[in-house]
Amino acid sequence: MIAVIILLMMTLLLQLPHTTDALSSTPIVTSGVESTARKRIGKKSFINKQSINKLPTIYTPEELHNLGISFSKRQVGSKSYYRGWFNWKTAAIDSIRNELSINNLPYPANRTKFENLFFRLGVASDVGEMPSFQDPGARSGYAIEFFCRGRNLADLFIDGFNQSYNFPSFWLDELRQSPMMGGDRSNADGEAKQQPYHIASVGGGPAFDYVGAALATQHCSYMSSTEQQQQITPEIKATILDYEEGWGDLVEAMANSTQYILQNSNLQCDWGGKCDITQSLHHPNNIATLAIAKTTDMFVCQYCVAENMKQLQESNYIFFHELFKYAKDNSLFVLSEVHPRLWPDFYHLIKDHCPYMQLGFNKNGRQMLLRKRTTIDCDKEQEEEASSSVMISDKDLKLVKKYEELAFYHSRKIDSGWVRQASKRRLS
């Protein structure tokens, strides 16, 4: 009798249905119970569209270039201009993503493992503990699916032309001089040669921040070009730093795909090495970051703060404290998050220890924008006995109070035992 039962169980196991991952030949066993929660990707997912041959029109580099030139004649800041920017940006991202997924991925994307990572990213934002990015298949899936990071950063730069946006003036005035808004970075002697604009992407694997900066820079270069005048693009150099060193090959792949589609040798991106925002800038993990701190024009840190909340608070934000200290005058900072609950911590850090920093908010607090003032600016403030509004506007100071309340209520919810749940939707 026992032998018959064992035989029946073995037969049932052999009959379990198998599916194939969208971008991998590795079979995936589909059963009613999963050991790891997953956040399923929807119909708009690039992986889903690619698997059923429903991708949008993919432009060649020449077609994309011609499309950008055609939009360049529109009045900057007009509704027509922004429609053109949206269409060109969307086409460019689709082309870069398609080139990356077909020709440059160092490992095939594993849909299941990416969905597991997708869910864990949400949990990390809730509890402040970083998920693991060690699985190469999950990293490849992330690199294909999360181009929203590059798109949002590109929009931030182009929105600088929009009069209806109320950016902090200290930040926008400095941004206008950057290649992302078509700024002139000629050297002190007035020579025509452009000086490279250095961007450091902290926690930036797989180089989405570089893609965002490259898209904005390329688009702005079309505005200064005509049929008789050759397109002139200022040079940007992006350095990608991340705690997970496995991103290195994907950074190279992303840089190659972006270069192939945009066909612009003035847009450069390199893997810089390991970076740990929970440790001192002098920690061995942050040697690469410390080496470029004094020469970087803009630091970008997107969606890394919330998932490291616990260790950041335990370290008293020493990484950012020291980064602000060593950064050069007039350098800019962009910090993006899914929620603004930790921005009050940065406000108090700056207020108590880094009075040379200015800060403000954008996109309902999803972005915090900062600038390091020059020594001359700080001296003037002391002479005039300026209030803290020089560091932050009254409007943004009120937002800090609001974000503190959000942090309090979220902490209370977590302490009560609330945990993020996986979707109850069946496997497709």
Only one of ILE277, ILE376, ILE318 that is surrounded by fewer than 21 Cβ atoms within 10 Å (Cβ to Cβ), at pLDDT 95 or above, hydrophobic (A, V, I, L, M, F, W, C) and over 17 Å from PRO168 (Cα atoms)
ILE318
Which one is nearest to PRO196 (Cα to Cα), of the residues in region 321-356 that are among the aliphatic types (A, V, I, L, M) and modelled with pLDDT of 95 or more?
LEU332
Which of (1) open to solvent by 70 Å² or more (accessible area, probe 1.4 Å); (2) modelled with pLDDT under 80 is the odd one out, the single condition THR30 does not satisfy?
(1)
Residue list for region 338-360, filter: closer than 21 Å to ASN166 by Cα and open to solvent by 10 Å² or more (accessible area, probe 1.4 Å):
VAL338, HIS339, PRO340, TYR347, GLN358
Cβ pairs under 6 Å, 6+ apart or interchain, first in region 313-335 and farther than 13 Å from HIS282 by Cα and among the polar types (S, T, N, Q), second modelled with pLDDT under 95 and not in a helix (DSSP H, G or I), ordered by first then second residue, are none
Return the only residue of ALA253, ALA216 being buried (at least 24 other Cβ atoms within 10 Å of the Cβ) and of a type outside the set (Phe, Trp, Tyr).
ALA216
I'm checking my understanding of the structure. Among residues of region 44-81 that are more than 19 Å from LEU105 (Cβ to Cβ) and in contact with an Asp or Glu (Cβ under 9 Å, 6 or more places away or on another chain), which one is modelled with the highest pLDDT?
TYR59
Looking at (1) in contact with a helix residue (DSSP H, G or I) (Cβ under 7 Å, 6 or more places away or on another chain); (2) free of Cβ contacts under 8 Å to residues at least 24 places away in the same chain, which one does SER101 not meet, given that it meets all the others?
(2)
For region 148-181, which residues satisfy the criterion of being open to solvent by 20 Å² or more (accessible area, probe 1.4 Å) and not in a helix (DSSP H, G or I)?
ASN162, GLN163, SER164, TYR165, ASN166, ARG176, GLN177
Condition broken by CYS269, with the remaining ones in (1) under 17 Å from LYS328 (Cβ atoms); (2) hydrophobic (A, V, I, L, M, F, W, C); (3) open to solvent by 10 Å² or more (accessible area, probe 1.4 Å) satisfied:
(1)
Scanning region 111-135 for residues that are among the aliphatic types (A, V, I, L, M) and not in a helix (DSSP H, G or I) gives MET130
How many of the residues in region 280-310 are at pLDDT 95 or above and farther than 14 Å from LEU335 by Cα?
18
For region 102-118, how many residues are open to solvent by 30 Å² or more (accessible area, probe 1.4 Å) and closer than 24 Å to CYS304 by Cα?
6
For region 36-101, list the helices (runs of 4 or more DSSP H) that sit wholly inside it and hold at least 1 residues that are surrounded by fewer than 16 Cβ atoms within 10 Å (Cβ to Cβ) and in contact with a Pro (Cβ under 9 Å, 6 or more places away or on another chain); which are they?
46-51, 79-99
Among (1) more than 26 Å from MET180 (Cα to Cα); (2) in contact (Cβ under 8 Å) with a residue 60 or more places away in the chain, LEU117 falls short only on (2)
Based on what the data block shows, is ALA138 in a helix (DSSP H, G or I) and open to solvent by less than 10 Å² (accessible area, probe 1.4 Å)?
yes
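The values are calculated or read from the model by the stated rules, or taken from the named source; none is laboratory data. No experiment lies behind these values; they were computed from the predicted model shown. In this analysis, Cβ positions are derived from the backbone assuming ideal geometry, glycine residues included, and neighbour counts consider all displayed protein chains. Heads up: the accessible areas ignore ligands, DNA and RNA and are worked out on the full protein's heavy atoms, side chains in. Shrake-Rupley method; radii C 1.70, N 1.55, O 1.52, S 1.80 Å.
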